[in-house]
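Data first, discussion second: the structure below is written as structure tokens.
The values are calculated or read from the model by the stated rules, or taken from the named source; none is laboratory data. Bear in mind the structure is a predicted one, so any value in this text is a computation, not a measurement. Don't worry about glycine lacking a Cβ; one is built from the backbone with ideal geometry, like all the others, and counts go over all protein chains shown.
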Amino acid sequence: MIEILNPTELARARETGALVAEILQTLRSRSTVGTNLLEIDAWAREMITAAGAQSCYVDYAPSFGRGPFGHYICTSVNDAVLHGLPHDYALADGDLLTLDLAVSLGGVVADSAVSVVVGGSAPAGAEALIGATERALAAGIAAAGPDVRLGDVSHAIGSVLGEAGYAINTEFGGHGVGSTMHQDPHVANTGRPGRGYRLRPGLLLALEPWIMADTAELVTDADGWTLRSATGCLTAHSEHTIAITDDGAEVLTLPRRPQA
Ligand code: MF3
Ligand code: CO
């Protein structure tokens, strides 16, 4: 089902989006050499609880995972790209960390992810990989608006990823957002212009380009959740939740004011 939010719900979505952005920004700044993924998860839990919000992950048990996720944030390191299950691991200098967070506040969800390099020495290709997902996300946002077709957004995302030289995996992509995290429509990270669902004001979409350096093939970790590149290569993922408005698209998962 595709949900279209009314103005009251959209105002709530802005609150949720700002909260997700603030939590991600705080967690990103705390993710330094030696930080344990389980500490990041505990901080996420504290901040979600303190804000009176609910985790979209902790009890989530979709077909693509093993049982309830049981944690508050996805932490995916290096070759891990999606649904990284937090575990007892201390971040090392040069690790490529993706934080992916979705919460519900006032009955409306927002979902966002960011990839960063931990410490001072980025491994070869890391910045290019992260840059490609960020540019693809920006292109998808720029393409989105009322009466635009979903295929136009997917095509904008896929063109940037493809031109940067990466093969695109079509098993996982973006999605509608609303009273729950994963809703219709599915937003593929590649598509044909002029095709698909016609976007309408009040629709929330999570756009989430993700990429693996030298493969499009995923493997599932022994934990039943974490998805890694089949070749062990580096990966990156960038995600924002946007609202389709009367004259374009509004990014909901940006911090309200710059933080240190
Ligand atoms: N937030 C992720 C996404 O971008 C989904 C995580 S599902 C979980 O769609 F179960 F792994 F948490
Ligand atoms: Co998402």
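The figures follow:
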| quantity | calculated |
| --- | --- |
| Candidates Gly94, Gly120 - the one that is at pLDDT below 95, more than 16 Å from ligand 2 (Cβ to nearest atom) and not basic (Lys, Arg) | Gly120 |
| Residue in the stretch 218-225 that is part of a strand (DSSP E or B), closer than 26 Å to Leu97 by Cα, more than 15 Å from ligand 1 (Cβ to nearest atom) and β-branched (Val, Ile, Thr) present | yes |
| Answer from Gly174, Gly162 - the residue that is out of contact with any Cys (no Cβ under 6 Å at 6 or more places or on another chain) and surrounded by fewer than 22 Cβ atoms within 10 Å (Cβ to Cβ) | Gly162 |
| Filter pass, Thr215 being farther than 30 Å from Ser29 by Cβ, touching a Cys at 6+ places or on another chain (Cβ under 9 Å) and more than 15 Å from ligand 2 (Cβ to nearest atom) | yes |
